[in-house]
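Visitor: For reference, the structure I am asking about is given below.
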Protein chains: 2
Amino acid sequence: MQQDNGNHREAMSHVVRKLSARFPLNPVDANAVLDVPASLRWHEPGTHLVREGEEPRDYCSMVVSGLALRQKTTSSGQRQIISIHVCGDFLDAQHLFLERADHTVEALTRLRVVEFSRTSLRAVALSRPNVGRALWTEALSEASIFREWVLNVGARKAPARVAHLLCEIALRFEGAGLGSRDAFHIPMSQEQIGDAVGLTPVHVNRTLKGLSADGLIERDGRSIRIRNWERLQTAADFNPLYLHLQETTRDQFTPLKAGA
Amino acid sequence: MQQDNGNHREAMSHVVRKLSARFPLNPVDANAVLDVPASLRWHEPGTHLVREGEEPRDYCSMVVSGLALRQKTTSSGQRQIISIHVCGDFLDAQHLFLERADHTVEALTRLRVVEFSRTSLRAVALSRPNVGRALWTEALSEASIFREWVLNVGARKAPARVAHLLCEIALRFEGAGLGSRDAFHIPMSQEQIGDAVGLTPVHVNRTLKGLSADGLIERDGRSIRIRNWERLQTAADFNPLYLHLQETTRDQFTPLKAGA
DNA sequence: CGGCGCCTTGACGCTTGTCAAATGGTGTGG
DNA sequence: CCACACCATTTGACAAGCGTCAAGGCGCCG
């Protein structure tokens with residue numbers, strides 16, 4: 001973990017932009033958010049930002065660049081990835097008003113975050129209705145993704161599960177400026193993909209090969225090109241409604257400067 | 001759907017009690033909630049209170065008695081139950097700030113709810129910090145349950161999945177005054193249990209028989225007695241942390257009058 | 001050059017799904 | 001009171017999907 005020397009208000013300007021994309025903030029709202037103590041930080045891949053079972057620290061984070069993921073593990077060590085996060089996502093919104101972490105948040109790639117005071121953000125979220133509403137939308141959209149993942153791992157067969165993950169990543173990466181929906185790079189091993197869809201790495205491999213053989217996708221290492229979006233979406237039973245992408249009032253969030 | 005003739009403030013008093021259990025409300029908070037337009041209503045089993053794909057109506061509900069569930073279905077008609085709800089649960093908190101429903105909420109049994117104005121509750125949630133905090137806690141605790149269910153259907157084998165569902169129901173029913181953790185009644189068919197844990201009804205049957213044969217539970221129709229809570233919990237890999245039961249400041253919620 | 005991840009492939013086995021039929025309880029109508 | 005239909009549960013035989021184990025290939029880095 002490595003702290004930048006940038007100033008606090010500049011760091012929180014990322015957060016203001018993101019929240020404004022969810023729900024318009026007036027200057028007073030924006031200033032309240034800007035006043036939250038914050039800094040920019042790097043985390044190396046594999047770093048745990050939140051640990052299951054611990055009390056949340058006072059610092060919580062929003063992704064500026066890189067990818068993060070939520071995960072839980074069974075007592076036998078079997079890992080399940082619960083969601084994947086791109087720039088603009090709040091990694092601690094799910095614990096903002098809970099006193100003990102029920103899952104772990106980990107950096108998937110080299111990760112740049114705005115790290116800000118949990119107590120202060122909580123206070124702003126409760127005292128400024130527009131900020132509260134933006135954060136509510138954010139937290140509820142995430143919860144919607146959890147629900148879709150229950151459906152995905154609980155009710156779909158292997159090819160549909162993997163295809164569904166690809167569709168979600170395609171749209172979310174596109175929304176975060178990480179590629180187009182037709183061509184993107186997944187910085188995950190097949191073992192990690194398996195942990196996300198509830199399959200073994202061996203079966204993920206077979207399934208990806210199958211999707212290639214059917215002409216739905218094309219692979220080059222961890223780069224994916226979607227050959228036929230319509231057919232992939234059908235195979236995946238993918239309906240983007242659950243992402244609540246239209247719950248954004250203006251444009252999507254992208255950080256002010258590349259910054260990474 | 002059938003409306004009671006009781007007055008509005010009496011209906012909302014259930015909501016005040018529930019919210020106070022999550023976070024203490026002062027008299028001003030309580031009055032703001034009591035002023036939300038509301039009524040008590042019955043729903044018959046199978047009724048859909050929220051429908052996937054629709055815009056939420058202005059009325060949303062909190063359970064007073066009976067059980068409800070959230071579900072989604074794949075395009076092939078495969079159903080997945082996402083969560084089960086007891087008295088005190090808000091059935092629309094997950095859509096409170098979203099403009100389109102991403103899943104369906106259905107009455108599992110005959111269901112009595114407080115039905116209140118969504119717009120008004122939203123306003124109170126944003127303008128009164130204590131109410132907002134109580135609702136946040138409620139919504140985030142639910143999201144935590146979704147995450148555990150992703151783990152359950154994605155990473156556990158059939159016996160553990162079913163056992164885990166039993167453990168959760170045991171604790172939640174106990175918390176809602178619907179039985180003790182050692183003996184309760186599950187008003188679900190084995191097909192519905194299968195839809196909750198991602199198994200076929202036939203395999204649920206075999207699995208339940210297995211749990212009985214191992215001496216973990218005892219069944220009489222849909223009544224369950226837990227013979228050995230420790231061993232069941234171990235078999236289920238059940239850790240109640242994710243229910244965030246301790247996030248309740250005072251006692252649990254139970255409606256003022258039996259009312260059903 | 002050698003070692004180490006990760007991906008790939010094949011053979012095999014177990015868990016779970018599918019199909020089908022029997023059992024049993026419950027409510028209804030004769 | 002019995003006959004019947006209906007539904008959920010139970011059971012068995014079989015099939016299929018996915019997991020497990022193991023070996024080989026490839027790229028990358030020391």
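Visitor: Please go through region A:76-106 and give me each residue that is touching a residue at least 60 places away in the same chain (Cβ under 8 Å) and within 11 Å of chain B (Cβ to nearest Cβ), ordered by number.
Guide: A:R79, A:Q80, A:I81, A:I82, A:S83
Visitor: Please go through (1) more than 17 Å from the chain's Cα centre (by Cα); (2) more than 11 Å from DNA strand D (Cβ to nearest atom); (3) in contact (Cβ under 8 Å) with a residue 60 or more places away in the chain for A:E218 and return the number of the only condition it doesn't satisfy.
Guide: (3) is the only condition that A:E218 fails.
Visitor: Looking only at residues in region A:59-102 that are assigned to a loop (DSSP other than H, G, I, E, B) and hydrophobic (A, V, I, L, M, F, W, C), which one is nearest to A:L121 (Cα to Cα)? Spell out how you get there, then give the answer.
Guide: Kept after step one, since they are assigned to a loop (DSSP other than H, G, I, E, B), are these residues of region A:59-102: A:66-67, A:74-78, A:86-89, A:91-92, A:96-102.
Pick out the ones that are also hydrophobic (A, V, I, L, M, F, W, C) and you get A:67, A:86-87, A:91, A:96-98, A:101.
Values: A:L67: 22, A:V86: 20, A:C87: 18, A:L91: 13, A:L96: 9, A:F97: 11, A:L98: 14, A:A101: 18 Å.
Across region A:59-102, the extreme among qualifying residues is A:L96.
Visitor: Have a look at A:L232, A:L171 and point out the one that is more than 15 Å from DNA strand C (Cβ to nearest atom) and either within 12 Å of another protein chain (Cβ to nearest Cβ) or closer than 24 Å to A:S20 by Cα (or both).
Guide: Working: A:L232 fails: either within 12 Å of another protein chain (Cβ to nearest Cβ) or closer than 24 Å to A:S20 by Cα (or both).
The unique qualifying residue is A:L171.
Visitor: Okay, next question. Restrict the check to region B:36-45 and report whether at least one residue is in contact (Cβ under 8 Å) with a residue 40 or more places away in the chain, aromatic (F, W, Y) and more than 21 Å from A:L98 (Cα to Cα).
Guide: Filtering region B:36-45 for residues in contact (Cβ under 8 Å) with a residue 40 or more places away in the chain gives B:36-45.
This time we only want the ones that are aromatic (F, W, Y), so: B:42.
Okay, now just the ones that are also more than 21 Å from A:L98 (Cα to Cα), so B:42.
Yes, there is a match, as at least one residue in region B:36-45 is in contact (Cβ under 8 Å) with a residue 40 or more places away in the chain, aromatic (F, W, Y) and more than 21 Å from A:L98 (Cα to Cα).
Visitor: Can you pull out the residues in region A:103-134 that are of a type in the set (D, E, K, R) and part of a helix (DSSP H, G or I)?
Guide: Of the residues in region A:103-134, the ones of a type in the set (D, E, K, R) are A:106, A:110, A:112, A:115, A:118, A:122, A:128, A:133.
The answer is A:R118, A:R122, A:R133.
Visitor: Do we find that A:F23 is more than 9 Å from chain B (Cβ to nearest Cβ) and either surrounded by 22 or more Cβ atoms within 10 Å (Cβ to Cβ) or of a type outside the set (S, T, N, Q) (or both) in this structure? Write out each step before concluding.
Guide: On the way: more than 9 Å from chain B (Cβ to nearest Cβ): no; either surrounded by 22 or more Cβ atoms within 10 Å (Cβ to Cβ) or of a type outside the set (S, T, N, Q) (or both): yes.
When the stated conditions are applied, A:F23 does not pass them.
Visitor: Here are some residues: B:T47, B:T109, B:T137. Which one is within 9 Å of chain A (Cβ to nearest Cβ) and among the β-branched types (V, I, T)?
Guide: Details: B:T47 fails: within 9 Å of chain A (Cβ to nearest Cβ); B:T109 fails: within 9 Å of chain A (Cβ to nearest Cβ).
Among B:T47, B:T109, B:T137, only B:T137 is within 9 Å of chain A (Cβ to nearest Cβ) and among the β-branched types (V, I, T).
Visitor: Test of understanding: among A:L178, A:L216, which residue is at negative phi and modelled with pLDDT under 95? Spell out how you get there, then give the answer.
Guide: On the way: A:L216 fails: modelled with pLDDT under 95.
Being at negative phi and modelled with pLDDT under 95 holds for just one of A:L178, A:L216, which is A:L178.
Visitor: Then there's this: From (1) more than 16 Å from DNA strand C (Cβ to nearest atom); (2) touching a residue at least 24 places away in the same chain (Cβ under 8 Å); (3) more than 23 Å from B:S83 (Cα to Cα), pick out the condition that doesn't hold for A:L67.
Guide: Evaluating A:L67 over (1) more than 16 Å from DNA strand C (Cβ to nearest atom); (2) touching a residue at least 24 places away in the same chain (Cβ under 8 Å); (3) more than 23 Å from B:S83 (Cα to Cα) leaves (1) as the failure.
Visitor: A follow-up question, please. Which of (1) loosely packed, with under 14 Cβ neighbours inside 10 Å; (2) away from DNA strand D (no atom under 13 Å from the Cβ); (3) within 21 Å of A:G66 (Cα to Cα) does A:I224 not meet, given it meets every other one?
Guide: A:I224 satisfies every listed condition except (1).
Visitor: Same structure again: Quick one: which of B:L171, B:L166, B:L151 is within 15 Å of DNA strand D (Cβ to nearest atom), over 19 Å from B:D102 (Cβ atoms) and either free of Cβ contacts under 8 Å to residues at least 60 places away in the same chain or surrounded by fewer than 22 Cβ atoms within 10 Å (Cβ to Cβ) (or both)? Give the derivation first.
Guide: Values: B:L171 fails: within 15 Å of DNA strand D (Cβ to nearest atom); B:L166 fails: either free of Cβ contacts under 8 Å to residues at least 60 places away in the same chain or surrounded by fewer than 22 Cβ atoms within 10 Å (Cβ to Cβ) (or both).
Selected residue: B:L151, the only one of B:L171, B:L166, B:L151 that is within 15 Å of DNA strand D (Cβ to nearest atom), over 19 Å from B:D102 (Cβ atoms) and either free of Cβ contacts under 8 Å to residues at least 60 places away in the same chain or surrounded by fewer than 22 Cβ atoms within 10 Å (Cβ to Cβ) (or both).
Visitor: For region B:203-223: of the residues being outside any helix (DSSP H, G or I) and out of contact with any His (no Cβ under 9 Å at 6 or more places or on another chain), which is farthest from B:A163 (Cα to Cα)? Steps first, answer last, please.
Guide: Our first condition is that a residue be outside any helix (DSSP H, G or I); within region B:203-223, this holds for B:214-223.
Narrowing further to those that are out of contact with any His (no Cβ under 9 Å at 6 or more places or on another chain): B:214-220.
On the way: B:D214: 12, B:G215: 12, B:L216: 9, B:I217: 9, B:E218: 12, B:R219: 13, B:D220: 16 Å.
Checking each candidate, the answer is B:D220.
Visitor: Still on this structure, please answer the following. So, B:L241, is that one touching a helix residue (DSSP H, G or I) at 6+ places or on another chain (Cβ under 8 Å), in a helix (DSSP H, G or I) and modelled with pLDDT of 95 or more or not? Before the answer, list the steps.
Guide: On the way: touching a helix residue (DSSP H, G or I) at 6+ places or on another chain (Cβ under 8 Å): no; in a helix (DSSP H, G or I): yes; modelled with pLDDT of 95 or more: yes.
No.
Visitor: Whether any residue in region A:1-11 is at pLDDT 95 or above, more than 19 Å from A:L108 (Cβ to Cβ) and among the polar types (S, T, N, Q) is what I want to check.
Guide: If we filter region A:1-11 for residues that are at pLDDT 95 or above, which is where we start, we get none.
Checked against the condition, which is being at pLDDT 95 or above, more than 19 Å from A:L108 (Cβ to Cβ) and among the polar types (S, T, N, Q), region A:1-11 yields no hits at all.
Visitor: Quick check, is B:I145 outside the structural domain of B:G210 (by TED's automatic domain parsing), closer than 22 Å to B:F253 by Cβ and touching a strand residue (DSSP E or B) at 6+ places or on another chain (Cβ under 6 Å)?
Guide: Working: outside the structural domain of B:G210 (by TED's automatic domain parsing): yes; closer than 22 Å to B:F253 by Cβ: yes; touching a strand residue (DSSP E or B) at 6+ places or on another chain (Cβ under 6 Å): yes.
Yes.
Visitor: If you don't mind, another one. Report, by residue number, each residue of region A:174-200 that is more than 14 Å from chain B (Cβ to nearest Cβ), within 16 Å of DNA strand D (Cβ to nearest atom) and part of a helix (DSSP H, G or I).
Guide: Within region A:174-200, just A:Q190 meets the criteria.
The values are calculated or read from the model by the stated rules, or taken from the named source; none is laboratory data. Here the structure is a predicted model, which is why all the values come from computation and not from measurement. Every residue, glycine as well, gets a Cβ built from its backbone with ideal geometry; the counts of neighbours run over all protein chains shown.
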